[in-house]
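To start, the structure under review is shown below, and the notes come after it.
The values are calculated or read from the model by the stated rules, or taken from the named source; none is laboratory data. Here the structure is a predicted model, which means the values were calculated and not measured. Glycine also receives a Cβ, built like all others from the backbone with ideal geometry; neighbour counts cover every protein chain displayed.
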Amino acid sequence: MTLESTPGARFATWWARTLTRTAESGIAYDRRAEIASDVHEQLTQAWGRDELSAGSRSVVARVLRGMPADLAWRAGLELRPNRFSWHLRNPSTAITTLLVAMIPFNVAAEANAAAEPVAPRYWTLFDYGGPLWAVTQLVGGVILLFALLSLGSRVSRRWIGEAPRFEPQSRLERARRFNTAALGVSLAGSAVFRFGALGPIGGVFWFAFSVLLAVYLALLVGTVAVKLLTLGRYLPKVRT
Amino acid sequence: MVYRKPGTLLPLEAEILGAVASRGTDGAHGFVIAQDLSGGAESSKSLVGHGTLYKALDRLRTRGLLSSEWEDSAAAEAAGRPRRRLYWITAAGAKVLTEARAASPSFRIGEAPA
């Protein structure tokens, strides 16, 4: 077994790659290279002591312990200059992040609405429905506004400037990213245009969301199938 | 986000500066710093997490307290390992470290200042 094929090294490599997937390329490269060097040094020392398994477990523990700081560092990268231009050029990441933030409030608001006939309002001290829907629609509004800005930036290149285009690793990934962004916009639209006279517009968005969700699940199954078919590539290389 | 007065060091940052300073002109790379923080290669104390360490190194470098450079690729390739990123303490970093040690005389690498 080589050092790079130990579970610890593979986990650390996977985490570094996932964390920096959509980060600025120079910063992403430096972080991945630094982690690779650190892991190599640690496992080399462990191998020298004939404690490679313990060293591998220690690497996993270090990755796990550092995850909160990693996420804070990654979030901090989004405050760098020109980052907004990059997101306008490649809207999928921002829309997906906002969608993930919106979903819990949306689900809670829907659950609260569904429970209302069973638990009338006067049974609770506070009506949670209003604030939950307010937050859902606020985040949904931000998603829709961002999507409009992103579309507009394709017409007026002034906002995008020299922001690089994100290159997916495969056509499947490109399709997934596009589909996820479209899912986010359609769910946001169905939440924002939900009440009153705007309800029918929300209904159209909800129909689009249902179709896109089916497509997303199909893409997910396809991705898993591709990974299973190419499993041989992920087996550890044995050094003789 | 940890609040701090401008110009002050977090305990981890002070330890990192101390560890890098102790390596002198040779410089120190991430794993060696992590080992020094845990009390050395023979220590049973857990090594600091990657995220925590490299975020702190990034902060110190941005503040001008550390400088860094990637080692020569040929040297790393000859040694059969990935390139190391080496860190050195700057004059500003040495000054801040001296002040931190003066503020907490019992401070040693591997222990957080009081």
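May I ask you to verify whether B:Thr25 is β-branched (Val, Ile, Thr) and touching a residue at least 60 places away in the same chain (Cβ under 8 Å)? Don't jump to the end; show me each part of the working.
Details: β-branched (Val, Ile, Thr): yes; touching a residue at least 60 places away in the same chain (Cβ under 8 Å): yes.
Yes.
Can you name the number of the only condition in (1) more than 9 Å from chain A (Cβ to nearest Cβ); (2) small (Gly, Ala, Ser); (3) within 14 Å of the chain's Cα centre (by Cα); (4) under 29 Å from A:Arg49 (Cβ atoms) that B:Ala14 fails?
(4)
Filtering segment A:39-52 down to residues that are part of a helix (DSSP H, G or I) and free of Cβ contacts under 8 Å to residues at least 12 places away in the same chain, which residue is farthest from the other protein chains (Cβ to nearest Cβ)? Even if it seems obvious, please write down each step before you answer.
Of all residues in segment A:39-52, those part of a helix (DSSP H, G or I) come to A:39-48, A:52.
Among the residues that remain, those that are also free of Cβ contacts under 8 Å to residues at least 12 places away in the same chain are: A:41, A:45, A:48.
On the way: A:Glu41: 4, A:Gln45: 7, A:Gly48: 10 Å.
This residue is A:Gly48.
Report yes if A:Arg80 is within 12 Å of chain B (Cβ to nearest Cβ) and in contact (Cβ under 8 Å) with a residue 12 or more places away in the chain, otherwise no. Before you say what the answer is, go through the steps one by one.
Working: within 12 Å of chain B (Cβ to nearest Cβ): yes; in contact (Cβ under 8 Å) with a residue 12 or more places away in the chain: yes.
Spelling it out, A:Arg80 is indeed within 12 Å of chain B (Cβ to nearest Cβ) and in contact (Cβ under 8 Å) with a residue 12 or more places away in the chain.
Quick one: A:Leu98 ticks every box in (1) more than 14 Å from chain B (Cβ to nearest Cβ); (2) free of Cβ contacts under 8 Å to residues at least 12 places away in the same chain; (3) within 26 Å of A:Asn179 (Cα to Cα); (4) hydrophobic (A, V, I, L, M, F, W, C) bar one, so which box is it?
Failed condition: (2).
For segment A:1-29, name all the residues that are in contact with a Ser or Thr (Cβ under 9 Å, 6 or more places away or on another chain), part of a helix (DSSP H, G or I) and within 26 Å of A:Ala163 (Cβ to Cβ).
Listed by number, the residues that qualify are A:Ile27, A:Ala28, A:Tyr29.
What's the number of the only condition in (1) within 16 Å of B:Val32 (Cβ to Cβ); (2) within 14 Å of another protein chain (Cβ to nearest Cβ) that B:Ser73 fails to meet?
Checking B:Ser73 against (1) within 16 Å of B:Val32 (Cβ to Cβ); (2) within 14 Å of another protein chain (Cβ to nearest Cβ), the one that fails is (1).
Looking at segment B:63-90, which of its residues are among the hydrophobic types (A, V, I, L, M, F, W, C) and in a strand (DSSP E or B)? If you could, list the steps in order and put the result at the bottom.
Narrowing segment B:63-90 to residues among the hydrophobic types (A, V, I, L, M, F, W, C): B:65-66, B:70, B:74-76, B:78-79, B:86, B:88-89.
The answer is B:Leu66, B:Trp70, B:Leu86, B:Trp88, B:Ile89.
In segment A:6-54, what residues are among the small types (Gly, Ala, Ser) and surrounded by 15 or more Cβ atoms within 10 Å (Cβ to Cβ)?
Within segment A:6-54, A:Gly8, A:Ala9, A:Ala12, A:Ala16, A:Ala23, A:Ala28, A:Ala33, A:Ala36, A:Ser37, A:Ala46 qualify.
Name the residues in segment A:64-99 that are more than 18 Å from A:Arg165 (Cβ to Cβ) and in contact with a His (Cβ under 6 Å, 6 or more places away or on another chain), would you?
A:Gly66
Can you name the number of the only condition in (1) more than 14 Å from every other protein chain (Cβ to nearest Cβ); (2) under 19 Å from A:Trp73 (Cα atoms) that B:Arg61 fails?
Of everything listed in (1) more than 14 Å from every other protein chain (Cβ to nearest Cβ); (2) under 19 Å from A:Trp73 (Cα atoms), B:Arg61 misses just condition (1).
Restrict the check to segment A:81-93 and report whether at least one residue is hydrophobic (A, V, I, L, M, F, W, C), buried (at least 17 other Cβ atoms within 10 Å of the Cβ) and at pLDDT 95 or above.
no
Would you please name the residue that is surrounded by the most Cβ atoms within 10 Å (Cβ to Cβ), looking only at residues in segment B:22-52 that are under 16 Å from B:Ile89 (Cβ atoms) and at the interface with chain A (Cβ under 8 Å from one of its Cβ atoms)? Walk me through how you get there before you give the answer.
Start the filter on segment B:22-52 by keeping residues that are under 16 Å from B:Ile89 (Cβ atoms), which leaves B:22-30, B:32-33, B:36-37.
Next, only the ones that are at the interface with chain A (Cβ under 8 Å from one of its Cβ atoms) stay: B:29-30, B:32.
Details: B:His29: 22, B:Gly30: 24, B:Val32: 20.
For segment B:22-52, the residue satisfying everything is B:Gly30.
Answer with yes or no whether A:Ala191 is crowded, with 20+ Cβ neighbours inside 10 Å, part of a helix (DSSP H, G or I), touching a residue at least 24 places away in the same chain (Cβ under 8 Å) and more than 16 Å from the chain's Cα centre (by Cα).
On the way: crowded, with 20+ Cβ neighbours inside 10 Å: yes; part of a helix (DSSP H, G or I): yes; touching a residue at least 24 places away in the same chain (Cβ under 8 Å): yes; more than 16 Å from the chain's Cα centre (by Cα): yes.
Spelling it out, A:Ala191 is indeed crowded, with 20+ Cβ neighbours inside 10 Å, part of a helix (DSSP H, G or I), touching a residue at least 24 places away in the same chain (Cβ under 8 Å) and more than 16 Å from the chain's Cα centre (by Cα).
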